[in-house]
Structures are given as structure tokens and as C-alpha cells.
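Only one structure is covered here, and it is reproduced in the block below.
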Amino acid sequence: MIRRRRKPFFTNIWWLLAILIILGVGANYFFMNKKTPGSAPDVQKNEASHDNHLLAIQSWQTSQGLDAYFLAIDNLPIVDIQLVFAAGSAYDGNTPGIAQITNQLIGKDTQILTTDAIVEKFESLGAIFSTDVSRDAATVSLRTLSFDDERNQSINLLSHLFSAVSFTESSLSLEKAQLLTALKAQSQSPQALASNAFYKTIYGKHPYASPTLGTAENIQAFTLENINEFYQRYYSLQNAILVITGDISREEAETISENFGAALPLGAAAPEIPAVTIPATTQVEHIEFPSQQKHILVGLPTLEKGNPDFFAFYLGNEILGGSGLSSQLFEVVRENEGLAYNVRSQVLPLKQKGPFMIYLQTRNDASEQALKLVLDHLTTFISTGPTPQELNKAKKNIAGKFLMAFNSNAALSQQVAKLAFYKLPLNYYDDYLAKINAVTSDDIKRVFNEYVGSKHLATVTLGVDEQ
Amino acid sequence: MFTRSLTLLFATAVIALPSFAQSSSINTHKYQLDNGLTLIVRPDHRAPIATMQLWYKVGSTYESTGNTGLSHFLEHMMFKGTKNNPGSRFADTIYALGGTLNAFAYFDYTGYWQTLPVEYLETVFKLEADRMQHLIVDDEAIFEKEKQVILEERRLRVDDQPITLTYERFLATAFNSSPYRVMPIGWHEDIAATTLDDVRSWYDTWYAPNNAIIVVIGDVEPEEVYELAQDYFGNIDEKKLPLVKPQPEVKPLGQKRINVKVPATLPYLLIGFHVPVLNTATEFWEPAALTLLSSILDGGQSARFSKNLIRNTRIATVASTDYDPFFRNANLFTLSAVPATDISMYQLEFALLDQINQLKIELVTPEELDRARKQLMANEIYKLDSIDAQANELGSLESVGLPWDMGNEFLQELLIITPEQIQHVAQKYLNPDYMTVAILEPQPYD
């Protein structure tokens with residue numbers, strides 16, 4: 001039977017827009033935020049643990065110097081490969097959009113193959129090739145069947161995309177048009193506009209301020225030279241990690257990693273993304289837009305990946321507004337007042353301080369009431385913290401998610417890539433639950449006060465101002 | 001390790017599924033309780049969790065004029081408590097056991113799902129059985145607040161989204177007599193006018209074991225799940241369900257066109273053709289041929305829309321097809337597209353219809369057909385990586401009155417469809433004289 005495909009932007013109407021769910025998911029902000037951080041890893045029952053680690057991740061460096069990470073999962077005939085480069089939009093410099101368009105151009109042309117030939121080959125093998133850009137990373141992924149023919153041919157083609165890389169004017173102009181359409185789609189989406197404005201407000205001059213898609217003026221001006229320059233600077237083996245997961249042996253994975261090592265230039269690691277300056281004043285921005293709802297976002301930059309305060313902050317955020325139907329904000333704003341369909345809070349650690357945000361949408365004439373409710377509640381939460389019962393329930397919930405959040409090959413591949421890219425220890429999850437369970441209400445009060453309560457929050461609204 | 005080649009499977013057993021897709025089918029157990037409740041169980045022992053979905057055969061296509069959005073409204077009210085589990089205890093209990101949950105309302109069904117550590121599966125059965133019988137819908141204040149939540153949901157998902165707004169009007173134009181003319185969320189004024197009694201009576205009418213399907217996938221033994229179902233749902237009385245009228249779409253008598261003028265930045269084109277689905281097809285192969293036709297046009301980046309319209313002629317920046325053969329009643333084959341800069345809507349429509357016309361005058365090539373089939377086969381395997389995707393397939397098939405294993409039977413049919421059959425359905429159904437066209441004409445923001 002047909003698997004419903006995820007289509008670009010907004011075309012899969014039936015499933016993206018027509019199915020109604022009781023609870024608004026965070027997907028409205030998916031332009032910005034790829035994965036909810038801090039979700040737990042998996043415990044694969046059938047996976048023999050090496051050295052008693054939860055995830056038997058193996059890692060090595062190829063003879064050329066490429067860092068490879070490998071996790072065997074042998075219950076389905078699937079192999080997932082990800083190459084992750086420190087080449088996200090934070091590296092755009094003064095050319096917003098360059099990271100995005102360069103990443104989109106991978107797999108479009110090589111010295112001997114056209115786009116038509118490349119996509120026909122992948123798809124005739126039943127393989128799925130995709131690319132993705134976030135603020136920190138640029139990713140090139142392949143999902144393939146693990147049967148010899150399909151696996152070998154699709155992985156060889158993937159490595160050919162790098163070893164014979166070549167960008168053409170024709171593909172560049174096509175990708176520009178695609179990107180400009182995506183930008184136009186954003187400009188009629190209140191969610192996207194509000195989210196972009198929020199990042200701009202809280203990050204000011206920091207590279208995280210600009211949207212991953214870039215801006216129309218810049219995109220028009222990109223030349224092949226720009227693309228080649230960005231590619232050569234960032235798509236190198238010193239600036240990459242290779243993740244191989246699925247139905248494949250260590251030996252085969254090593255051979256594949258050597259092939260990718262040979263396909264990529266040596267290059268150099270990207271420079272550190274600059275540190276984030278926390279806003280020194282309380283900012284309030286409003287964007288006038290003729291929507292029926294006002295979109296409200298409140299927050300600021302908080303935690304970077306690997307910050308030990310993450311566990312307390314994550315747990316606190318779950319209780320405050322992270323956990324859907326059972327969060328405090330859900331109860332206060334939706335259940336008690338009927339003021340929003342979608343209300344939640346998120347913390348998204350990045351290489352540098354990622355945002356904490358509360359967001360909701362409400363009819364224009366109720367926005368003042370809703371905003372006051374949220375801000376008052378946040379103040380109360382920071383000063384009183386969760387009750388022991390709330391704390392215990394949230395810990396139990398996280399323990400359950402620990403089992404379920406990564407029960408698939410696809411999720412495991414993401415998990416390994418996250419640990420590897422952010423240089424978290426490979427045994428990160430061994431004591432994850434112990435760290436969650438050790439968090440006290442006082443810890444939550446402390447971290448929320450330190451990162452939120454004692455700082456200046458930004459408030460961004462988009463909609464029709466009643467005044 | 002799996003070292004057998006898929007190509008080999010193709011060659012030796014075109015009609016057979018790959019072994020694991022098939023073994024998961026063999027591994028699926030269907031039961032029916034005396035009160036009519038259907039239970040489907042598929043073990044998946046990869047992690048110590050289970051997902052339980054409870055599907056009711058009622059959705060927006062069961063609703064009448066003036067009462068649209070009722071099934072979705074009820075879905076929201078199902079989280080408001082029973083006598084034994086008042087208020088938000090259902091959600092709170094699942095949460096505290098380490099589970100996640102949500103619910104959905106669609107044209108032909110309404111569903112509720114929970115995923116949690118498998119040791120607590122019994123609690124879900126207990127809670128869902130209680131909610132099937134004892135929902136309390138009597139508090140006006142709670143009801144009015146939830147109505148506001150639903151109106152916010154409509155503003156968020158429809159009213160402030162130019163594409164969805166266009167799509168809503170497109171459906172209302174394409175269908176005259178069929179209930180697929182209304183989106184599941186319902187019209188704003190109908191939601192606003194819904195009463196407590198409407199919702200309670202909708203619940204009393206449709207929520208019964210003989211109108212429900214339970215799907216469980218996870219680290220379970222089928223017989224044990226069957227015991228759970230017996231224990232908690234076995235003694236719920238069946239109800240006499242209303243007769244569901246067929247409500248077919250009247251035969252279109254000509255082309256229908258609308259413009260939607262709202263503030264927006266991207267023009268957008270929708271074209272719909274009335275086509276059969278599995279439930280209405282007189283020939284089983286026709287929905288399969290339409291599915292492959294859809295795949296030939298839009299089954300990936302090597303398909304015709306991407307290759308011809310987006311990459312080569314550059315007429316469109318987005319171009320897709322939509323066809324789902326798993327509805328209760330006849331539906332649409334839909335084309336949608338966004339024009340490239342400087343391309344008029346007229347040129348875009350002409351180009352899309354030209355792609356349709358090509359299918360009528362020339363047979364698709366063996367390479368295209370092979371590629372489409374290979375992707376369908378591979379997707380069957382990738383689908384096994386997601387227990388949600390599997391549960392959704394089993395539940396939606398049973399909910400629209402098809403057996404759960406129709407997915408496999410249909411896949412086998414896809415593998416033997418010929419180029420001539422694809423040409424035949426293109427000629428028979430994709431006729432511009434009877435299509436519906438909707439054009440989103442962006443208006444300036446003031």
C-alpha cells in the first residue's frame with residue numbers, strides 16, 4: 001500500500017492540513033526547529049550492548065581523517081547514512097541563504113551525471129535521498145534497502161555526488177526559484193513570519209538571527225562562485241561526520257567510510273559560531289498582519305548543547321509547557337480559559353545558546369489577556385517551581401519516552417547523528433535517566449531563574465493590533 | 001543480514017511481497033468480539049512499548065448540513081472526563097505512566113491513540129472502555145470554552161492559511177451531493193452553533209463497540225491482547241446504528257471553476273477529477289492504475305511533474321498529485337501547482353493538462369513503471385520502520401469498510417498493472433470537460 005509521502009512545503013493537503021488533531025503539535029515552528037531536544041534515546045532490545053552501553057555506537061576515524069559513527073540494527077533490511085557538516089545557516093556570513101542553497105544543490109549535478117540521471121538512479125533503486133539545513137548543520141542523507149545491489153549502488157552514487165561534485169548555472173537558477181517560492185510561502189504564513197521575527201529579536205546581530213532560507217535580495221544575487229566558495233570551505237572531511245546505521249556489518253561500514261573519506265577534500269573544521277549575547281533590555285516587537293489570530297512568542301536565548309543545566313531545564317519545561325495535554329500552560333490557557341488551540345513552551349539548545357520560547361495563537365481581541373496570563377504564570381512558575389507530584393509524573397513520563405522515542409531505525413540514525421555532531425559523549429544516555437531523576441524542584445527554580453527569570457524576555461506579536 | 005536482492009524477488013515472485021512485508025502480514029491477528037468490536041494485533045518486538053488505537057467509524061462525511069464539524073467537536077470533548085475518570089484524568093494517567101497520546105478526526109473516521117510502555121497496556125484498555133460508555137457531556141461552561149478552542153484551531157489551520165482556504169472552497173465546488181464537500185473541521189458558523197445536546201447525541205449514536213476498531217502494535221502477544229479486549233470491552237452492549245446512506249456524488253454536467261481572492265503572496269492552482277476508490281470501483285484494477293498514474297506523475301523527483309514541469313520547462317515551482325483509494329466513497333484525483341515567476345495561471349493549467357493528455361495518447365514507458373513499482377515496494381519495507389504508519393494503515397482500512405490486509409492485495413495489483421490500463425483510466429476519468437478548477441488569486445495585504 002502507498003506510504004504517504006512527505007511533500008515539499010505545503011502540497012500534501014490531505015494529510016498535513018485536513019486531518020485534525022486534538023492537540024496542536026509544535027510543527028508550526030518546524031521551519032526553525034528540527035527536533036525537540038533532550039528527547040530520550042532508545043533501548044533496542046535486540047541490540048547487543050557493547051561495554052554495557054545503552055546504544056552500541058562504534059566510532060573510528062578513516063585513514064584520511066573522517067570521523068565515522070556506526071550503529072548496527074539488524075531487524076529490518078534498511079541502511080541509513082547521514083553526512084553532517086558544520087555548514088548551517090549560522091555560517092551564512094553576510095550572504096543569508098548561502099548555506100541553504102549550497103545544500104540544496106548537492107545531488108543536482110556531478111561532472112558526469114545530470115539531475116535527471118541522479119534522481120532516476122536513486123529512485124530506481126528504491127532509495128530516498130534528501131538534504132536539510134538547520135542553523136548549525138547541513139545534512140545529506142540516504143535511506144536505502146540493505147540488499148547488496150540496492151545498497152552498494154545507492155551508496156556508491158552518494159559518494160560519487162561528493163567525489164565528482166560540480167555545480168551548474170542551470171541548477172543554480174532552478175534552486176533559486178525554488179527558494180524564492182519557499183520564501184513567498186513563508187511570507188503568507190503567520191507562523192513563519194512570527195517565528196522569524198522572534199529569532200531576529202532575540203539574536204540581534206548574532207548569526208542565529210537570520211532565517212535558514214535567507215532573504216530574497218541575497219538569493220537573487222548568488223553566483224556559482226559563491227556556491228563553490230562556500231562548498232569548498234565547509235564540505236570537507238575535517239568539517240564532517242559520517243553516520244551509518246542499520247542492517248550492515250562493521251566491516252562493510254568501514255569500507256563505506258573509507259570511500260567517503262576519499263570522496264571529500266581534507267579541508268578544515270569550521271570556526272566556532274560566535275557566543276550569543278543575552279539581550280540586555282526587555283524587547284517588545286509587534287508586526288501588523290491581517291490575520292484572524294495574533295501569534296505571540298515570548299523568550300530569549302538560554303542553553304547551549306552539553307550544558308549540564310539542561311536536565312533540570314528540560315524537566316521544568318516539560319511541566320511548564322512542553323508536554324502537550326498535561327502541561328501547566330495547556331491547563332491555564334486552553335483548558336481554563338479557552339484562549340488557544342496551540343500553546344506550548346520549548347527549549348532548543350544549539351551549538352551556542354539556543355532559544356527558550358513560549359508560544360500561542362489567539363484571536364486578536366484576546367491577545368492582551370492571553371499574554372498577561374502567560375507572563376503571570378511564568379513568573380509564578382519560576383518562583384514556586386513544580387509540586388512534588390508534578391515532578392514525579394514528569395520524570396515517569398520522560399522514562400516512558402526514553403523507551404519509545406527512538407524505537408525505529410530512522411530515529412536511531414537521528415540520535416547517533418545528534419550525539420556525534422554535538423560532540424556529546426557516546427555514552428551520553430547511560431546515565432540520562434539518573435540525571436533526570438536527580439532533578440529537584442529547587443533545581444528547576446534555580447535554572448529557570450538563572451536563564452529566564454533574572455533576564456530580559458522578548459515578546460514578539462504578529463496580527464492585528466486593536467489599539 | 002538480508003542479502004537477497006529485491007531485484008531477485010521481482011524476478012521470481014512479482015506477485016509476492018518481499019518476505020518481511022509478508023511476514024508482518026502473516027503476523028497480524030484479527031478478532032471480533034460478540035458485541036461486534038473488531039481487534040487487530042500485530043506484534044513488533046523491537047522495543048518494550050505498544051501503541052493502541054481506537055477507531056470509530058464516524059467522521060465528517062456522516063454529518064448533515066448545518067451540523068458540520070460535529071465528529072471533530074466530539075473528539076475534543078472526549079478528553080473532558082467520565083464519572084469514574086473525571087476531568088483530565090485520562091490524559092494525566094497516560095502521561096504519568098510514560099505515555100503519549102493524541103486523537104484525530106477525518107472524513108470517514110475519528111481515532112484515539114496512546115503509545116506507552118507495554119506493561120501499562122491494560123490501563124489504556126480500561127480507560128478507553130470507560131470513555132466509550134460513560135463520557136459526561138453536561139457542563140455548558142466547559143463546552144463553551146472548548147468551542148472557543150476549536151474556533152481557534154480553525155483560525156490557525158484554515159482561516160489564516162490561504163492555501164487551505166482555497167482547498168476548502170475547492171472541495172465545496174467539486175462536490176455537489178457528496179459529503180466530501182466539507183472539510184472535517186466544519187464551517188465556522190456551524191461550529192459556533194453547535195450545542196451540547198448535538199455533541200452528546202452524536203456520542204450516543206456512534207460510539208459503540210460494533211462501530212469501533214482497536215489496533216494494537218508493539219511488544220505484545222496477540223492472545224493476551226484479545227483477553228484484554230474481552231475483559232474490558234466484552235460486556236459493552238452493541239447499539240443499533242443508523243443506516244448510513246450512500247450519498248454518492250451526482251454526475252458532473254460540466255466544468256466548474258472558482259477564484260479565491262484573499263491576501264496572499266503565492267498564486268496556487270487546484271484541479272480535481274472525480275474518480276472511483278476501492279469501495280466504489282467496479283473494476284478492482286482501476287484504483288490501482290490511478291495510483292500508479294499518480295506515481296508516474298509525482299512519485300518522486302524522477303517522476304514527470306518534477307522532471308518536466310519543475311526542472312525542464314520550469315513552468316512550476318511546485319507540482320503534485322493526490323489520490324487516495326482508501327475512502328468510503330468516490331473521491332477526487334487532484335493536481336496542484338504553484339507557477340514559476342512570469343508564468344500565468346493559464347499557462348500553468350495548460351501545462352498540467354498537457355501532462356494528463358500525454359498519458360492518454362502515449363503509453364508510459366517500462367522504465368517509468370518499473371521505477372514506480374520499485375519505490376512502492378521499497379516504501380512497504382520502510383513503512384515497517386514505523387509502528388504508527390502501520391497502525392494507521394490497518395485502522396484506516398478497516399474504518400472505511402475494507403479488510404486490513406487489503407493493503408497487501410492492492411500492492412500485488414499494483415505490481416501487475418499494465419501501461420494500457422494506466423492509459424485507460426487516464427482516458428476514462430481525467431476529462432477536462434468535467435473537472436473542477438480553483439485558482440488562488442493573491443490580493444495585496446493592506
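The sum of -39500 (n - 2.57) across all DSSP H runs of n ≥ 4, divided by the residue count of chain A, sets its helix-only mean residue ellipticity at 222 nm to -11000 deg cm²/dmol.
Each 20 Å bin from 0 upward holds the following percent of the Cα-Cα pairs of the protein assembly as shown: 14, 48, 36, 2.
Kirkwood hydrodynamic radius (Cα pairs, Å) of region B:87-145? Mind showing how you got there, number by number?
On the way: mean 1/r = 0.0773 Å⁻¹.
By the Kirkwood definition, the hydrodynamic radius is 12.9 Å.
Sparsely packed loop sites in region A:208-276 (the GluC sites (Glu not before Pro) outside DSSP H, G, I, E and B with at most 15 other Cβ atoms within 10 Å) comprise A:Glu272.
Need one number: the % of Cα-Cα pairs in region A:409-457 sitting beyond the 13 Å mark. Show your work: numbers first, answer last.
Numbers: 819 of 1176 pairs.
Cα-Cα pairs of region A:409-457 separated by over 13 Å account for 70 percent.
Using Cα pairs under 8 angstrom and six or more residues apart, how large is the relative contact order of region B:102-243, in percent?
Values: 81 pairs, mean separation 42.1, N = 142.
The normalised contact order for region B:102-243 reaches 30 percent.
Modelled spin-label separation between B:Asp405 and A:Ala262, with each label point placed 7 Å from Cα along the Cα-to-Cβ direction: 4.8 nm.
Toward the positive end of the charge dipole of chain B, with +1 on the Cβ of Lys and Arg and -1 on the Cβ of Asp and Glu, the farthest Cα among B:Thr436, B:Leu309, B:Ala289 is that of B:Leu309.
Under a 10 Å cutoff between Cα atoms, tell me which one of B:Asn85, B:Asn235, B:Asn312 has the largest fluctuation in the Gaussian network model of chain B. Comparing B:Asn85, B:Asn235, B:Asn312 in the GNM, the peak value goes to B:Asn312. The calculated FRET efficiency for the pair A:Asn307 and A:Gln238, based on their C-beta separation and a Förster distance of 30 Å, comes to about 0.70. Just so you know, the Rg over Rh for region B:164-212 is 1.08, from Cα atoms, with Rh as the Kirkwood radius.
Once the piece of chain linking B:Leu196 and B:Gln230 is laid out straight, how much longer is it, given 0.36 nm per residue of separation minus the C-alpha distance between them? Before the final figure, lay out each step's value.
Working: separation 34, 0.36 × 34 = 12.24 nm, distance 3.20 nm.
Fully extending the segment from B:Leu196 to B:Gln230 adds 9.0 nm.
Taking chain B as a Gaussian network of alpha-carbon nodes connected by springs under 10 Å, the highest mean-square fluctuation of the residues B:Tyr56, B:Tyr106, B:Tyr382 belongs to B:Tyr382.
In plain terms, the residue of A:Val140, A:Val464 with the fewest other Cβ atoms within 10 Å comes first and the most crowded comes last, giving A:Val464, A:Val140.
The orientation-averaged projection of the convex hull spanning the C-alpha atoms of region B:177-312 amounts to 15.8 square nanometres. Volume per residue for chain B equals 162 cubic angstrom (convex hull of Cα atoms). Rounded to the nearest 20, the size of the Cβ-charge dipole of region B:256-355 about its Cα centre is 260 debye, with Lys and Arg at +1 and Asp and Glu at -1.
Take every DSSP beta bridge whose two residues both sit in chain A; close to 80 percent of them are antiparallel. Ordering A:Gly453, B:Val182, B:Leu74 by Cα displacement along the dipole of the protein assembly as shown toward the positive end leaves A:Gly453 in first place; charges were set at the Cβ atoms of Lys, Arg (+1) and Asp, Glu (-1). Sorted fewest first by neighbouring Cβ atoms within 10 angstrom, A:Val298, B:Val58 come out as A:Val298, B:Val58. A Gaussian network model of chain B, with springs between Cα atoms under 10 Å, assigns the largest mean-square fluctuation among B:Thr265, B:Thr61, B:Thr291 to B:Thr265. What is the percent of Cα-Cα separations in region A:303-445 that go past 19 Å? For region A:303-445, the fraction of Cα-Cα distances above 19 Å is 57 percent. Counting only Cβ charges, +1 for Lys and Arg and -1 for Asp and Glu, the dipole size of chain A around its Cα centre is about 840 debye.
Taking 0.36 nm per intervening residue step and subtracting the Cα-Cα distance, what contour gain separates B:Asp92 from B:Asp139 on full extension?
14.9 nm
Based on Cα coordinates alone, diagonalise the gyration tensor for chain A, multiply each eigenvalue by 5, take square roots, and list the semi-axes in whole Å, largest first.
Details: eigenvalues 272, 153, 84 Å².
Taking √(5λ) for each Cα gyration eigenvalue gives 37, 28, 20 Å.
Jot down the per residue volume, in cubic angstrom and as a whole number, of the convex hull over the alpha-carbon atoms of region B:119-261. Before the final figure, lay out the partial values.
Details: hull volume 26.5 nm³, N = 143.
Value for region B:119-261: 186 Å³ per residue.
Loop-resident GluC sites (Glu not before Pro) (DSSP state other than H, G, I, E or B) in region B:289-380 with no more than 11 further Cβ atoms inside 10 Å of their Cβ: B:Glu362.
Under 8 Å for C-alpha pairs, at least 6 residues apart: give me the relative contact order for chain A, rounded to a whole percent. Don't jump to the answer; show the numbers that get you there.
On the way: 854 pairs, mean separation 106.4, N = 467.
Worked out over chain A, it gives 23 percent.
A:Leu172 sits among other residues whose Cβ lies under 12 Å from its own Cβ, and their net charge, with Lys and Arg +1 and Asp and Glu -1, is -2.
Normalised Debye scattering of region B:27-153 at q = 0.09, 0.16 Å⁻¹ gives log10 I(q)/I(0) of -0.29, -0.91, counting only Cα atoms as equal scatterers and leaving out solvent.
Each Lys or Arg adds one and each Asp or Glu subtracts one; over the other residues with Cβ under 13 Å from the Cβ of B:Tyr56, this totals -2. Under the simplified labelling scheme, the A:Ala434-A:Thr281 pair shows an inter-label distance of 4.8 nm, with each label point 7 Å from Cα along Cα→Cβ. Sorted ascending by nearby beta carbons within 10 Å, beginning with the fewest, B:Lys57, B:Lys30, A:Lys423 become A:Lys423, B:Lys30, B:Lys57.
To the nearest 20 debye, what charge dipole does the protein assembly as shown have about its Cα centre, counting +1 at the Cβ of each Lys and Arg and -1 at the Cβ of each Asp and Glu? Intermediate results must be reported in sequence, preceding the final value.
Details: 73 positive and 104 negative charges, 245 e Å.
Charge dipole, the protein assembly as shown, about its Cα centre: 1180 debye, nearest 20.
For region B:234-283, the share of alpha carbon pairs falling in successive 5 Å distance bins from zero is 4, 9, 14, 12, 12, 12, 12, 9, 6, 5, 4, 0 percent.
Quick check on region A:181-315: what are the equivalent-ellipsoid semi-axes from the Cα gyration tensor, as sqrt(5λ), descending, whole Å?
Details: eigenvalues 257, 103, 58 Å².
Computed over region A:181-315, the values are 36, 23, 17 Å.
Each distinct pair of alpha carbons in region B:382-446 adds a 1/r term; the inverse of their mean, the Kirkwood radius, is 15.9 Å. Here B:Lys126 is the anchor, and the aspartates and glutamates within straight C-alpha reach of less than 14 Å, apart from those fewer than 8 places off in the same chain, are B:Glu227, B:Asp231.
Can you quote the Å³ per residue value for the convex hull of the Cα atoms in region A:124-185, rounded to an integer? Walk me through the numbers before you get to the answer.
Numbers: hull volume 7.9 nm³, N = 62.
Considering the Cα atoms of region A:124-185, their hull volume per residue is 127 Å³.
Legend: calculated FRET efficiency, B:Lys251 to B:Glu420, from the Cβ-Cβ distance at R0 = 25 Å, rounded to 0.05, equals 0.45. Report the far tail of the P(r) of region A:142-224, meaning the percent of Cα-Cα pairs longer than 21 Å. I get 55 percent for the Cα pairs in region A:142-224 exceeding 21 Å.
Every read-out reported here was derived from the displayed coordinates using simple, explicitly stated rules and does not represent laboratory data. Bear in mind that the values here come from a model prediction, so they are computed numbers and not experimental data. Neighbour counts are summed over all protein chains in view; Cβ atoms, including those assigned to glycine, are modelled from backbone coordinates with ideal geometry.
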